[in-house]
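Taking it in order: structure first as structure tokens, then the write-up.
The values are calculated or read from the model by the stated rules, or taken from the named source; none is laboratory data. Keep in mind that this is a model prediction, so the values were computed, not measured. Cβ coordinates were reconstructed from backbone atoms using ideal geometry, including for glycine residues, and neighbour counts include every protein chain displayed. Please note that ligands, DNA and RNA were not included when accessible areas were found on the heavy atoms of the full protein model with its side chains. Shrake-Rupley method; radii C 1.70, N 1.55, O 1.52, S 1.80 Å.
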Amino acid sequence: MKQYKFSVEEIKKLTKSMVILVDSREKKNTHILDYFRKQKISFQTEKLEYGDYSFMIPAAAAGEDIFFHRDCVVERKASLEELSGNLTGERERFEKEFLKAGNDGCKVYLMIEAPGGYSDIIGHKYCTEFTPAAYMASLKTFEHRFDANIQFISPEYAGYYIVSTFQYYAREILK
């Protein structure tokens, strides 16, 4: 990863000019895009190699386009059912995506739109036959094996989570 050295004031300006990159294959994310529009957060749709969201800082603010799509991504799952499918029937593909990101040195934030989180998994409050014990073991394996940051969130706060995650990451990398 390229090293940067910006002042605190420059970093504030850069994070305000951030453009969120939305993977073109991302589905049913109107609530997130509506949040971006309402908050006047710039975004553009393009095919990402992995993850559903990333970001860049445009040349107008930084002197050159700075892309972070190989450094930091948010992988979004819209429900525990969707994630269950990724951890069972689509596990090989899902692991390959995390492995590819990891090989690039990319930090993956796995955002699951399920505010009940681990409590709902333990209580089997999802509509698949994936057992709570196997579900928990799979999530903990992904956390450990791929250094994934797993967060459960209510869908209404998903856009906020994405933006704040990238702002924090940018502040840490650009200083």
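Of the numbered conditions (1) open to solvent by less than 30 Å² (accessible area, probe 1.4 Å); (2) touching a helix residue (DSSP H, G or I) at 6+ places or on another chain (Cβ under 9 Å); (3) within 24 Å of I41 (Cα to Cα), R171 satisfies every one except a single condition; which is it?
Only one criterion is unmet by R171, namely (1).
Out of (1) assigned to a helix (DSSP H, G or I); (2) open to solvent by less than 30 Å² (accessible area, probe 1.4 Å), what's the single condition that is false for M56?
(1)
Please pick out the residue among G105, G117, G89, G123 that is exposed (fewer than 13 other Cβ atoms within 10 Å of the Cβ), of a type in the set (G, A, S) and either touching a Leu at 6+ places or on another chain (Cβ under 7 Å) or within 30 Å of I173 (Cα to Cα) (or both).
Numbers: G117 fails: exposed (fewer than 13 other Cβ atoms within 10 Å of the Cβ); G89 fails: either touching a Leu at 6+ places or on another chain (Cβ under 7 Å) or within 30 Å of I173 (Cα to Cα) (or both); G123 fails: either touching a Leu at 6+ places or on another chain (Cβ under 7 Å) or within 30 Å of I173 (Cα to Cα) (or both).
Within the list G105, G117, G89, G123, the selection yields G105.
Could you give me the residue pairs with C-beta distances under 9 Å whose first residue belongs to region 63-80 and is open to solvent by 60 Å² or more (accessible area, probe 1.4 Å), whose second residue is among the charged types (D, E, K, R) wherever it lies, and which are 6+ apart or on separate chains?
Taking only residues 6 or more apart or on different chains, the pairs are R70/E49; R70/D104.
Quick one: count up the residues across region 128-168 that are within 25 Å of K28 (Cβ to Cβ) and outside any loop (DSSP other than H, G, I, E, B). I'd like the intermediate steps shown before the answer.
So in region 128-168, the residues within 25 Å of K28 (Cβ to Cβ) come out as 128-130, 135, 138-139, 142, 146, 148-167.
Going one step further and asking which of them are outside any loop (DSSP other than H, G, I, E, B), we end up with 135, 138-139, 142, 146, 149-153, 155-167.
Residues in region 128-168 being within 25 Å of K28 (Cβ to Cβ) and outside any loop (DSSP other than H, G, I, E, B): 23 in total.
Does E113 meet the test of being among the charged types (D, E, K, R) and over 15 Å from the mean Cα position of the chain (by Cα)? Working first, answer last.
Working: among the charged types (D, E, K, R): yes; over 15 Å from the mean Cα position of the chain (by Cα): no.
It is false that E113 is among the charged types (D, E, K, R) and over 15 Å from the mean Cα position of the chain (by Cα).
From the list L48, L33, pick out the single residue that is of a type in the set (A, V, I, L, M), part of a loop (DSSP other than H, G, I, E, B) and surrounded by 15 or more Cβ atoms within 10 Å (Cβ to Cβ). Please lay out each step first, then the result.
Working: L33 fails: part of a loop (DSSP other than H, G, I, E, B).
One residue alone meets the criteria, L48.
Can you spot a residue in region 136-148 that is without any contact (Cβ under 8 Å) to a residue 40 or more places away in the chain, of a type in the set (A, V, I, L, M, F, W, C) and closer than 24 Å to L99 by Cβ?
yes
Scan region 155-168 residue by residue and report those that are of a type outside the set (V, I, T) and either exposed (fewer than 15 other Cβ atoms within 10 Å of the Cβ) or within 17 Å of R76 (Cα to Cα) (or both). Break it down stepwise before answering.
Step one: list which residues in region 155-168 are of a type outside the set (V, I, T), which gives 155-161, 164, 166-168.
Across region 155-168, the qualifying residues are P155, E156, Y157, A158, G159, Y160, Y161, S164, F166, Y168.
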